[in-house]
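Working notes, beginning with the structure itself.
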Amino acid sequence: MTDWTCDVSLVVIDREVPDDEIRRWWNSKETPLLYDLVAVAPRLRLGRVLDTHGDVPGPARRVFSLLFLRGTTPRYVVPRLDDELIGEILAAYQGRDDDGPGTQQADLVEVAAFLATHRGAGVLTDEDEEP
């Protein structure tokens, strides 16, 4: 098995995005509109997602999973930062005893400030794979 690592960031999308573009984003397919929006979006690096012969727990992985779930169920959307989602993201980002080393980058206070600053906007995760 190959080790796999990527950096996960929160990105803020503060405009309407067509449904077909959102569906493509969550299904990892070509979506030039969202690629362009994400490239210039405000972002906060959360940390690393590690896969070393199985998933390694960590805050960034939990936030990625949460936003993927919120963005794909029951329909494809760009989740909006309301009080409920902000609370869920902060709970998911809390460090845990079984988190892999080096999986958390941002401080929880920094994450909370970023989310509060962008309350009401859409939020996605963006991944930068490492070789």
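The values are calculated or read from the model by the stated rules, or taken from the named source; none is laboratory data. Computed from a predicted model, the values in this text were never measured in an experiment. Counting neighbours? That spans all protein chains shown, and the Cβs are built from the backbone with ideal geometry, glycine included. Surface areas here come from the heavy atoms of the whole protein model, side chains and all, with no ligands, DNA or RNA. Shrake-Rupley method; radii C 1.70, N 1.55, O 1.52, S 1.80 Å.
All other residues whose Cβ lies under 11 angstrom from that of Tyr76 are scored, Lys and Arg at +1 and Asp and Glu at -1, for a net of +1. With a 1.4 Å probe rolled over the protein heavy atoms of all chains, the accessible area of Ser28, Ser65, Ser9 falls in the order Ser28, Ser65, Ser9, largest first.
With the radius of gyration and the Kirkwood radius both derived from the Cα set of the range 1-77, what is their ratio Rg to Rh? Don't skip to the end; give the middle numbers.
Details: Rg = 13.5 Å, Rh = 13.7 Å.
Radius of gyration relative to Kirkwood radius: 0.99.
Relative to the current alpha-carbon distance between Asp36 and Asp107, full extension at 0.36 nm per residue lengthens the span by 22.8 nm. Summary of packing: across the peptides 32-42, 115-125, the per-residue average of other C-beta atoms within 10 Å ranks them, highest first, as 115-125, 32-42. Each stretch of four or more DSSP H residues adds -39500 (n - 2.57); spread over every residue of the chain, this sum gives -12000 deg cm²/dmol at 222 nm. Length, then width, then depth: along the principal axes, the Cα atoms of the range 40-88 run 34, 26, 23 Å. If you add up the charges near Ala92, with Lys and Arg at +1 and Asp and Glu at -1, over every other residue whose beta carbon is less than 13 angstrom from its beta carbon, what do you get? Counting the neighbours of Ala92, the net charge comes to +1.
The length gained by stretching the chain between Asp55 and Ala91 to full extension, at 0.36 nm per residue less their Cα-Cα distance, is 11.0 nm.
Placing +1 on the Cβ of every Lys and Arg and -1 on the Cβ of every Asp and Glu, with no other charges, gives the chain a dipole of roughly 300 debye about its Cα centre.
Protein heavy-atom accessible surface, 1.4 Å probe, per residue over the range 10-62: 53 Å². For the chain, the share of alpha carbon pairs falling in successive 5 Å distance bins from zero is 2, 11, 21, 24, 20, 14, 6, 1, 0 percent. Applying the criteria of a DSSP loop state and at most 11 other Cβ atoms within 10 Å to the GluC sites (Glu not before Pro) of the range 1-71 yields Glu16, Glu30. With all protein chains in place and a 1.4 Å probe, the accessible surface of the chain carries 51 percent carbon and sulfur. Computed over neighbours whose Cβ is under 12 Å from that of Arg119, the net charge equals -3, Lys and Arg +1, Asp and Glu -1.
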